[in-house]
1. Each label point is 7 Å from the Cα along the Cα-to-Cβ direction; what then is the distance between the points at HIS126 and PHE255, in nm?
2. Residue by residue through the range 189-198, which ³J(HN,Hα) values in whole Hz follow from phi under the Karplus form 6.51 cos²θ - 1.76 cosθ + 1.60 (θ = phi - 60°), with glycine and proline marked x?
3. Quick check on the range 267-344: take the gyration tensor over C-alpha atoms, sort the square-rooted eigenvalues as a ≥ b ≥ c, and tell me if it's rounded (a/c under 1.5), prolate or oblate.
4. So what J values fall out for the range 446-463 if you push phi through Karplus, 6.51 cos²θ - 1.76 cosθ + 1.60 with θ = phi - 60°, rounded to Hz, Gly and Pro as x?
5. Could you give me the percent of Cα pairs per 5 Å distance bin for the range 1-43, shortest bin first, beginning at zero and ending with the bin that holds the maximum distance?
6. Among TYR58, GLY79, TRP47, which residue has its Cα furthest toward the positive end of the charge dipole of the range 29-93, with +1 on Lys/Arg Cβ and -1 on Asp/Glu Cβ?
7. Between LYS46 and SER358, with labels modelled 7 Å along Cα→Cβ, what's the label distance in nm to one decimal, could you check?
8. Would you mind checking the pairs LYS248/LYS491; LYS236/LYS454; LYS161/LYS511; LYS248/LYS454; LYS46/LYS394; LYS248/LYS543 and listing those with alpha carbons more than 30 angstrom apart?
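The numbers here are math on the coordinates, done by the rules we state, and not lab data. Given the structure is predicted, the values throughout are model-derived calculations rather than measurements. When we count neighbours, we look across all protein chains shown, and the Cβ atoms used for this are built from the backbone with ideal geometry, even at glycine.
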Amino acid sequence: MSNRQMTIGDFLLRRLEEAGVRHLFGVPGDYNLELLQQLEDTGRLKWVGTCSELNASYAADGYARLNGLGALLVTNGVGALSAINGVGGSYSEHVPVICIAGSIPLRSIDRGLGMHHTMADGSFDHFLDAYSHVTAAHARLTPRNAATEIDRLILTAWREKLPVYIELPSDIACLDINVPATPLTLTDPPSDKERLRSCVAAIAKRLSNAKSPAILVDADADRFGVTSELKELADKIQLPIAAINAAKAVIDETFPHYLGIYNGQASELGVREVIEASDCLLSVGYRPIEVTTGDFTASLPSNTIHARGYSVDIDDDNYQAVTLKEVLRGVIETVPQIKNRAQRGVAAARMVKDAEGSAKLTQAAYWQAIQSYLRPGDVLYADNGTSFVLLGLKLPSNCTFIGSINWGSIGYSVGALLGALTAAPNRRHLLFIGDGSFQVSAQELSTILRHDHKPVIFLINNGGYTIERGYLGKTETYNDIANWSYADLPKVFRRDTSARSFVVKTVNDLKSALSAPNDAMIFVESIMDPHDALAPITISSNKGAELDYGPRGPQRSDNQLRSSAA
Ligand SMILES: Cc1ncc(C[n+]2csc(CCOP(=O)(O)OP(=O)(O)O)c2C)c(N)n1
Ligand SMILES: [Mg+2]
C-alpha cells in the first residue's frame, strides 16, 4: 500500500470526507481551533457552529440518521461533557456518531502542566474514561497511532452503528505523519461461509414450514440498511411485518404487508395477535424496554428467531460472523415463493368526530388535523411528551421518523432537526414538540434560521410538563414552566426572518396555520389545556408511575393526570 505525508488534522478530515461526512457540528474552543483552521484551509467539510455542544451532539445524531454517519467537534472537558448526553443517546439509539474533542496538548501531558478545562488534579484522562462508557471505541491520538486509530474508530462507528470518541491533542493536528494514499472504504467484514450457509438454511426452513410467519423490526433494521430486504422477503412469502415504536416508519407504513406497531397490550389493532401467535417470528435487532413493550406486556413466541447486526439466535444455535444483510439476502434466495397466504387486515386509523371550528383546540382535534397534514416523503420528529401521539398516526409513503424512544432526552429533537435538515435540506421536515422540551434546546432554532432551513415546527404550549402530570403532580407547580412567547422567537433569533408564525387557540386557527405554504419556516404555537392528554399518554404515564415508584411510592390517583376513557 503506498503512503503519503499528511498532517494529522488534514488526514482526520480527509477520512471523514471519504466516509461520507460532509458537515461538522460543534462549538470552537482553543483546543480545537487548529483543526477548525485546517477545515477552513482545505475546504474539506462544512462547519455548522451550534449554540451548545449538547445541541451539536443531537445535530450529529440527526445528521447520521439520514446520512449514515455524523460528526461533531468539541473542546476538552467543558465541551465534551456537555455533549456526552447526546452521545449517550446515540449509543442507546444505535446511531454512528464520531465525537472529536480538541484536547490538552501532549506537551502538557508529558510535562504534567496544569491546564484549563481540566479538574486541575494532574489527571488528563477523566473525559476519555467517561466516554468509554458511552462509545464503542475511544482513543487519544498521538503521532504514532493517528493513522491507524482514525481508521479504526471511523470504521468501528460505521460497522457497529454506535458512537466513538477521538481526542486530538491540540499540538499535534499540524504534525506530518505517513498515511495510506488509498481512500477509506466502509465495508462489513464478509460472513463466515459455513456459518452463513447453515444460518440461512435454518431460517429458510423455519420460515418455509411455518403457517403464520411474521417479522418484528426494531431500529436496527434501519441502521443496518436492510429494510428493502425485509420488504422483499415479505413480498416473496406473503408475511406481515410489524415494528416497535422505536422503529416507527422504518417499514413504510403504506407497504401492503406492513401490519402496525407492536407494543404488548398497547399494540395497534390486530397486531398483537399476529405477532404473539406467530409460529415463526423473525425479530430484527429487538431491544425491548418498558415503553416499547406496553409495560412488559409484550411476549414474543419462545421460538422467535433473533437476528442482529452480526449474529443470529435460532433455536439452540447462535450464529456469529454473519452479517444481517447477507443473511437476509440468502434467506430471500432460498425460501420458495408463496402466493396465496391469506392477507391480514391492516389496522384502521382511529377517526374522531370533527370538532367545531370555533371551539377551543383540544389534543384530539389537533392530532386529527395533523394526520391530514402529513405528506409522502416527510421527515417527522416527536420529542417526549404529549407529542408522542404522533407515534399512533398513520404515516404516508416514504416518511422518516426521527425520535429517541429509548434514551428520551427532552430537547433532542430541536438539535436533531438541525442535523437532519443539513443532511436532507430538500425534504419537508415536521417537528412535534412540547413547550417543556423546547425550552431545553430552543436556541438552536437560531442556527436553523441562520442556514435558511424551512421546517414546520408544531409546538404545544400547555404550560408545562403534561406527560409528567400523568406520573405524579397533576396540579403541582414543579410541573409548571415559564410561559414564553414562543411564536415570537423566529423574529428574536433572526431579525430579518421570513418565518411564518401562528398562535393557535381554536380549530379554525389551526386550519389557517396548516394552509400556509412551505416556502419559509412555519412556527405553529398551539395553546392547549395542561390537563388535556389522550389516553395512550395518560395510560402509559400512570403505568410508568406504578413501575417507577412501586406499591409504597406515591400512588396517588388524585395527584395524577388520568384518562377518563381508554
Ligand atoms: C433531559 C431530560 N430531562 C428530564 C426529562 C423528564 N421529562 C420527560 S417528559 C418531560 C416533560 C415534557 O414536557 P413537554 O415537552 O412540555 O411535553 P407535554 O407533555 O407537556 O406535551 C420531562 C421533564 C427527560 N426526559 N429528559
Ligand atoms: Mg408541555
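1. Between HIS126 and PHE255, the simple spin-label model gives 4.7 nm.
2. Once θ is set to phi - 60°, the couplings for the range 189-198 become x, x, 5, 5, 4, 5, 4, 5, 4, 6 Hz.
3. On the way: a/c = 2.17, a/b = 1.19, b/c = 1.82.
Taking the square roots of the gyration eigenvalues as a ≥ b ≥ c, the range 267-344 is oblate.
4. Once θ is set to phi - 60°, the couplings for the range 446-463 become 5, 6, 5, 6, 4, 9, 6, 6, 10, x, 10, 10, 9, 10, 9, 9, 10, x Hz.
5. Going from the shortest bin to the longest, the percentages are 5, 19, 30, 27, 11, 5, 2, 1.
6. TYR58
7. 4.8
8. LYS248/LYS491; LYS236/LYS454; LYS161/LYS511; LYS46/LYS394
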